[in-house]
1. Which condition does G308 not pass, out of (1) among the small types (G, A, S); (2) within 24 Å of P102 (Cα to Cα); (3) modelled with pLDDT of 85 or more; (4) open to solvent by less than 60 Å² (accessible area, probe 1.4 Å), if it passes all the others?
2. Here's a check for you: in region 258-272, which residue that is open to solvent by 40 Å² or more (accessible area, probe 1.4 Å) and polar (S, T, N, Q) is farthest from E179 (Cα to Cα)?
3. Take the residues in region 194-253 that are free of Cβ contacts under 8 Å to residues at least 12 places away in the same chain and of a type in the set (G, A, S), then tell me which one is nearest to Y95 (Cα to Cα).
4. State which residue is surrounded by the fewest Cβ atoms within 10 Å (Cβ to Cβ) when the search covers only region 1-53 and only residues that are within 23 Å of S68 (Cβ to Cβ) and of a type in the set (S, T, Y).
5. Where in region 1-73 are there helices (runs of 4 or more DSSP H), lying wholly inside it, with at least 3 residues that are farther than 30 Å from E244 by Cβ?
6. Failed condition for K329, given (1) touching a residue at least 12 places away in the same chain (Cβ under 8 Å); (2) open to solvent by 40 Å² or more (accessible area, probe 1.4 Å); (3) under 27 Å from E207 (Cβ atoms); (4) among the charged types (D, E, K, R), with all others met?
7. Out of region 265-306, which residues are out of contact with any helix residue (DSSP H, G or I) (no Cβ under 6 Å at 6 or more places or on another chain) and among the aliphatic types (A, V, I, L, M)?
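The values are calculated or read from the model by the stated rules, or taken from the named source; none is laboratory data. Here the structure is a predicted model, which means the values were calculated and not measured. Ideal geometry is used to build each Cβ from the backbone, glycine not excepted, and the neighbour counts take in all protein chains shown. For the accessible areas, the whole protein counts, side chains as well, though only heavy atoms, and no ligand, DNA or RNA atoms are used. Shrake-Rupley method; radii C 1.70, N 1.55, O 1.52, S 1.80 Å.
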Amino acid sequence: MSEFYKIPSVINELFDNKVELLPSVTELFELELAYLEYKSLDEKEYLQRTAYAKSYKNKESLHFLRYSEIPEEVSKNRTSTANSYFKNGLFSTGYATHSLFPYRGKFHPQLIKGLINILGIQKGETILDPMAGSGTTNIEASLLGINSYAIDISPFCQMMTKTKYDALKIDLDLLNNVELNTDKLFKYFGQKNTLQKIEKIEIGKKEIYELSLLAYLDALGYSKRVVRSNHEQLFKKVFNRYLETVKSLLTNKYFNNKELGKVEILQNSDALHIKLPDNSIDGIITSPPYSFAIDYVENDKDQLEYLGYDTIKLKQNLIGLKGKTKSDKLENYFSDMDKFITEASRVLKQNKFLVVIIGSNTNQTGGIRLEQNITNSAKNNKMNLVKSILKPIKGMRNTMKEEYILIFEKE
């Protein structure tokens, strides 16, 4: 007779019966990352840094304690569908300032935190995301006390990254006392030269106005997708949610914004021309734009045009969108990715790691696997593939079913 019930659980076997994982850890790739993180972190720092554990030796982790509640004010300003999504992603996607302006195709913050831990990057060291998008890598690094550089060709992505980072440092007393009338703010943001006006606002209040502007731009895009509410009505809801999200974090007894790592957005740089010295970076974590599946410029068109940028010109410089035909775009993409890998190898310190998270929409690439191309480029630049983890994609299954977490070590 089988006595399978006496066999210890996989979790207890992997984690020496010491770890209880967060309830959101349900995918195989998450279990693998959780195990790698467990084996990579020192016992003294595990509870402080873990991205995947709820507790260790019956003591609750900082990640669980800090992010285990959704403020009531935040919940009531979302639809039931949105609330369900963020509740399910409480420890993986919607914590800290990551939930400000949910960006299409963005990283899961928990994934990035786990990778930072696995790579062994320490407080005070510096990492880089040369295709930063909404700044997930940079925010996660900052929350761990790690410094970072962000590069993105999109001015809107630069703004998002800066605003989400600056929101972590807002003075709570000032936020509680400054007058924030949504009617007046909506009219203010509707005027010309708003960005120039915000630049002249004193430090402290300026960050609050930038946060308000991001809510305005969030509501702007939202208003194009719904019919029951207009831009102004949506701005009031989104703005209040932004405020409560930030206030909830700033009042959290497990959060100290005096321990944040610095985030610097590199101007006049792009992934093909990284203006940093050779051998200066302790780690790179990035995901090339899924331009074969998502037209990022078109996706952000309303926000970019509000900020005064020519979207047609921007498209001509975005990796994956250059060229008129499919074959032109592929040829340009592979050429650009090879240049990016060369630059990444140049700025990365020896024996440090480059992480590239990438998927292949083979319907649009003619069956070509992008990850193999990147692996070949890395090898030619003295970076060896040391780990590959398959990760399913949720929400883009019509265009891409999976992506790979590729980890390269520089010789």
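1. Result: G308 fails condition (4) only.
2. The initial filter retains those residues of region 258-272 that are open to solvent by 40 Å² or more (accessible area, probe 1.4 Å), namely 258-259, 262, 264, 267-268, 270.
From what's left, polar (S, T, N, Q): 267-268.
Numbers: Q267: 32, N268: 35 Å.
It comes out as N268.
3. Step one: of region 194-253, the residues free of Cβ contacts under 8 Å to residues at least 12 places away in the same chain are 196-197, 199-203, 206, 209, 223, 225-230, 233, 253.
Next cut, of a type in the set (G, A, S) only: 223, 229.
Details: S223: 24, S229: 26 Å.
Residue satisfying both the conditions and the ranking: S223.
4. T26
5. On the way: elements: 10-14, 28-40, 43-49, 62-67.
In region 1-73, 10-14, 28-40, 43-49 are the helices (runs of 4 or more DSSP H) which contain 3 or more residues that are farther than 30 Å from E244 by Cβ.
6. (3)
7. Narrowing region 265-306 to residues out of contact with any helix residue (DSSP H, G or I) (no Cβ under 6 Å at 6 or more places or on another chain): 266-270, 273, 275, 277, 279, 282, 286-288, 290-291, 293-296, 298-299, 305-306.
The answer is L266, A293, I294.
Yes/no matrix, rows are residues, columns are (1) touching a strand residue (DSSP E or B) at 6+ places or on another chain (Cβ under 9 Å); (2) open to solvent by less than 80 Å² (accessible area, probe 1.4 Å); (3) assigned to a helix (DSSP H, G or I):
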position: V227; (1), (2), (3): no, no, no
position: N240; (1), (2), (3): no, yes, yes
position: P288; (1), (2), (3): yes, yes, no
position: E298; (1), (2), (3): no, no, yes
